[in-house]
Amino acid sequence: QVQLVESGGGLVQAGGSLRLSCAASGGTFSRYAMGWFHQAPGKEREFVAGISWSGGSTYYADSVKGRFTISRDNAKNTVYLQMNRLKPEDTAVYYCAAEAHGSSAFYNLYEYDYWGQGTQVSVSS
């Protein structure tokens, strides 16, 4: 069984920063590509950022390029999302996900095999 647990969400003023963490257990974390998605009320879940199993390739939604950074520490079985210069439109529940079958389509939520429970990020103006 693979379990993913997000943490680090909260309320922050526009322009501020948060760092989200996703701790994995029950699987071989170093072999999984990892991604972050977010979902606002009434909206579809959307891709935010992805990282290959080696950490050598990263991918970002256009809306967060230059502001967010995804990284991973395989020794700690953890993936991070550093969120800088936050905007009110970033407000959403953020989910981490693991892709275990070798897909390169990191933007597609249907390629991911395991999901965390989500953590709320709220950005005030």
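The values are calculated or read from the model by the stated rules, or taken from the named source; none is laboratory data. All values derive from a computational prediction rather than experimental measurement. Positions of Cβ are generated from backbone atoms using ideal geometry, with glycine treated the same way; all protein chains shown enter the neighbour counts. Please note that ligands, DNA and RNA were not included when accessible areas were found on the heavy atoms of the full protein model with its side chains. Shrake-Rupley method; radii C 1.70, N 1.55, O 1.52, S 1.80 Å.
So the values come out like this:
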read-out: Evaluation of Tyr95 against (1) open to solvent by 40 Å² or more (accessible area, probe 1.4 Å); (2) closer than 23 Å to Gln1 by Cα; (3) in contact with a Phe, Trp or Tyr (Cβ under 6 Å, 6 or more places away or on another chain) (one fails), failing number; value: (1)
read-out: All positions within segment 64-73 that are of a type in the set (Val, Ile, Thr) and either over 17 Å from Ser103 (Cβ atoms) or in contact (Cβ under 8 Å) with a residue 60 or more places away in the chain (or both); value: Val64, Thr69
read-out: Search result, residues across segment 25-63 that are under 18 Å from Gln82 (Cβ atoms), in contact (Cβ under 8 Å) with a residue 24 or more places away in the chain and not hydroxyl-bearing (Ser, Thr, Tyr); value: Met34, Gly35, Trp36, Phe37, His38, Phe47, Val48, Ala49, Gly50, Ile51, Ala61
read-out: Some residue of segment 62-76 being touching a Cys at 6+ places or on another chain (Cβ under 7 Å), surrounded by 14 or more Cβ atoms within 10 Å (Cβ to Cβ) and hydrophobic (A, V, I, L, M, F, W, C); value: no
read-out: Which listed residue is out of contact with any Phe, Trp or Tyr (no Cβ under 7 Å at 6 or more places or on another chain), buried (at least 18 other Cβ atoms within 10 Å of the Cβ) and of a type in the set (A, V, I, L, M), from Leu11, Leu4, Leu18; value: Leu18
read-out: Residues satisfying the stated conditions in segment 43-61, i.e. exposed (fewer than 12 other Cβ atoms within 10 Å of the Cβ) and modelled with pLDDT under 95; value: Ser54, Gly56
